[in-house]
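Engineer: Can you keep this structure in mind? I'll have questions shortly.
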Amino acid sequence: MKKVIAALSMLIISLSTFACPMCEKQQPKVLKGIVHGGVPDGNLDYFIVTSVAIITLVTLVFAVKWIIKPGEKDKNHIKYSSIIFQ
């Protein structure tokens, strides 16, 4: 339980960190105050970042889903083996 609380605390802290004043002035209206770094060059940059974010979120959802409930029911599966590296 302590690990979950620590992880959630770190997530909240990371979400609450915003761009510095210099970066905030350079960013477009949509990203103002959210991100650090240079100004996106065009629509392709937005497409790339959005695509990577979607892929990352889908990967995270499936990773958590399969860690919590893997769904393996075959009795001959290696995880049910009592022999450990001899």
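Just so it is clear, none of the values below were taken in a lab; they were calculated from the coordinates. Since the model is a prediction, treat every value here as computed from it, not as a measurement.
Engineer: Kindly flag which residue pairs out of Lys3/Lys79; Lys3/Lys73; Lys2/Lys75 have an alpha-carbon separation exceeding 32 Å in this structure.
Structural biologist: The pairs that break the limit, which is 32 Å between Cα atoms, are Lys2/Lys75.
Engineer: While we're looking at this one, here's another question. Calculate, in nm to one decimal, what Lys79 and Asp41 gain on full extension: separation in residues at 0.36 nm each, minus their alpha carbon distance.
Structural biologist: Fully extending the segment from Lys79 to Asp41 adds 8.7 nm.
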